[in-house]
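Worksheet: one structure, shown below.
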Amino acid sequence: MNRLAPNLKLRIDRIDLMLASALAVVAISYTLGYHLDWSQIEAKTPEEEMAAVPAAPATEPVAAVMTARKIYPNQAQPELRADPREEAWEAMTQELNRLAAQHQGRVSIYLENLKDGKVWSYHPDDLYPSASLIKVPIMVCAFYAIQDGRLSLSEKLTLRRHNRIGGSGSLKWRADGTRLAVRELLQMMISESDNTATNMMIEALGLGYIQQQFPKMGLLYTGIYKEGMSLKGSRVAHENYTTAREMSMLMEKIYHGELVDKNSSMLMLDILRHKKAVASRLAKGLPQGWEIAHKTGLLRQACHDSAIFLTPNGDYAMTVLTGQNGSYKIAKDFISRLGRVTFRHFGGYPYYYAKAYARHRQFALR
């Protein structure tokens, strides 16, 4: 019995030590924020322990990988292709960008698909002499004056000698005292770009009144001054400037019926749609069944066109401003080339869309 006492004492000391160690671990765990739930500790079989081991994260669902391997056993998985319409738009805008970069002179372009609101632009906020594009906001001012009761479309204005001015239009050849209705003068001002008709409208409205209406239309950079209406080929003290973005914005507001009121906007759109004597710039080569509502401008090395295209496949707006041109003919042809690029895209079977669709279809049939 005495021989067993030391061994028994040793065992008790060991148990005390293990118990003390366990209590120390519990105390440290609680101090560190770990809570031991002894009720949840249960013995597990080897199979359960293996099932509890987390699997390595998979980069793809196993079923999807196995399916792909069955379908494409000996080839790489195909890449998803972009929407062919997006590819077509990208191809068109890349070509427009290339042509603009190659032009010998300044260029600004603003293009918007009026069906989905997609926009592409090239230096859209650069300032250019507005030339005859200024006649569009003058027309809008006339409709504001009609709304204000200052004028009416049927009211007749009298041609005086001091109204006569050279350049575009046939009114300069009419006799003094000729009376023309405001509606007729507006049509001549836009379709013929008649400078004499423009002078008569500015006189009837008042230059101050016109200047006050420009901010009302949303024009911040486009302005009108007496010197800017001069036909001088050299620089003037106060130029009438505009931007591609603002001209397109103005045309789009007319198109959407948002300028003055809906009826006035529709009348203005009708005036802009009137067929010109010679189709040039953006109107040149217009596809069959299409219509264009636009205004051109040409003055002090600037050559412009701002248009709304009305097509069977969706309407779009485009403004092209050019400056520092060595030749007006080259500038006009350049603007026509830009127009033709958009014709291929927005046509019934657009060239770019057809190419993109062919690639998309080829992939789908593999």
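Restricting to the range 288-299, name every residue that is at pLDDT 95 or above and in a loop (DSSP other than H, G, I, E, B). Give the derivation first.
Filtering the range 288-299 down to residues at pLDDT 95 or above leaves 290-299.
Once the filter is applied, which keeps residues that are at pLDDT 95 or above and in a loop (DSSP other than H, G, I, E, B), the range 288-299 yields only Trp290.
Conditions (1) out of contact with any strand residue (DSSP E or B) (no Cβ under 7 Å at 6 or more places or on another chain); (2) surrounded by fewer than 16 Cβ atoms within 10 Å (Cβ to Cβ); (3) more than 15 Å from Ser130 (Cβ to Cβ); (4) modelled with pLDDT under 95, marked per residue:
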| position | (1), (2), (3), (4) |
| --- | --- |
| Ala237 | yes, yes, yes, yes |
| Thr242 | no, no, no, no |
| Arg245 | no, no, no, no |
| Met249 | yes, no, no, no |
| Asp261 | yes, yes, yes, no |
| Ser264 | yes, no, yes, no |
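What number of residues within the range 59-117 are surrounded by 12 or more Cβ atoms within 10 Å (Cβ to Cβ), modelled with pLDDT of 80 or more and basic (Lys, Arg)?
Final tally of qualifying residues: 3.
Residue by residue through the range 99-154, note down the ones that are among the aromatic types (Phe, Trp, Tyr) and touching a Lys or Arg at 6+ places or on another chain (Cβ under 8 Å). Reasoning before the result, please.
Of the range 99-154, the ones among the aromatic types (Phe, Trp, Tyr) are 110, 120, 122, 128, 143-144.
Matches in the range 99-154: Tyr110, Tyr128, Tyr144.
Identify the residue in the range 118-157 that is hydroxyl-bearing (Ser, Thr, Tyr) and over 24 Å from the mean Cα position of the chain (by Cα) and, among all such residues, is nearest to Ala181 (Cα to Cα).
Within the range 118-157, the subset hydroxyl-bearing (Ser, Thr, Tyr) is 121-122, 128, 130, 132, 144, 152, 154.
Next, only the ones that are over 24 Å from the mean Cα position of the chain (by Cα) stay: 132, 144, 152, 154.
Values: Ser132: 21, Tyr144: 17, Ser152: 9, Ser154: 5 Å.
By that ranking, first place goes to Ser154.
Six or more apart or on different chains, Cβ atoms under 8 Å: show the pairs whose first residue is in the range 127-154 and at pLDDT below 95 and whose second is small (Gly, Ala, Ser) and surrounded by fewer than 21 Cβ atoms within 10 Å (Cβ to Cβ).
none
Assess whether Leu272 counts as being in contact with a Lys or Arg (Cβ under 9 Å, 6 or more places away or on another chain), in a helix (DSSP H, G or I) and at pLDDT 95 or above.
Numbers: in contact with a Lys or Arg (Cβ under 9 Å, 6 or more places away or on another chain): yes; in a helix (DSSP H, G or I): yes; at pLDDT 95 or above: yes.
Answer is yes for this residue.
Residues are listed down the side, and each one gets a yes or a no for (1) basic (Lys, Arg); (2) more than 20 Å from Gly228 (Cβ to Cβ):
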| residue | (1), (2) |
| --- | --- |
| Pro124 | no, yes |
| Ser154 | no, yes |
| Leu157 | no, yes |
| His162 | no, no |
| Arg183 | yes, yes |
| Ile190 | no, no |
| Asn195 | no, no |
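In the range 212-221, is there at least one residue being surrounded by 19 or more Cβ atoms within 10 Å (Cβ to Cβ), in contact (Cβ under 8 Å) with a residue 40 or more places away in the chain, in contact with a Cys (Cβ under 6 Å, 6 or more places away or on another chain) and not aliphatic (A, V, I, L, M)?
Yes, some residue in the range 212-221 is surrounded by 19 or more Cβ atoms within 10 Å (Cβ to Cβ), in contact (Cβ under 8 Å) with a residue 40 or more places away in the chain, in contact with a Cys (Cβ under 6 Å, 6 or more places away or on another chain) and not aliphatic (A, V, I, L, M).
Residues of the range 310-346 being among the β-branched types (Val, Ile, Thr), under 30 Å from Pro84 (Cα atoms) and either touching a residue at least 60 places away in the same chain (Cβ under 8 Å) or part of a strand (DSSP E or B) (or both), which ones? Steps first, please.
Looking only at the range 310-346, we keep the residues that are among the β-branched types (Val, Ile, Thr), and these are 311, 319-320, 322, 330, 335, 341-342.
Then keep just the ones that are under 30 Å from Pro84 (Cα atoms); that gives 311, 319-320, 335, 341-342.
Passing the criteria: Thr319, Val320, Val341, Thr342.
The values are calculated or read from the model by the stated rules, or taken from the named source; none is laboratory data. As the structure is a computational prediction, the values presented were derived from the model and not from experiment. In this analysis, Cβ positions are derived from the backbone assuming ideal geometry, glycine residues included, and neighbour counts consider all displayed protein chains.
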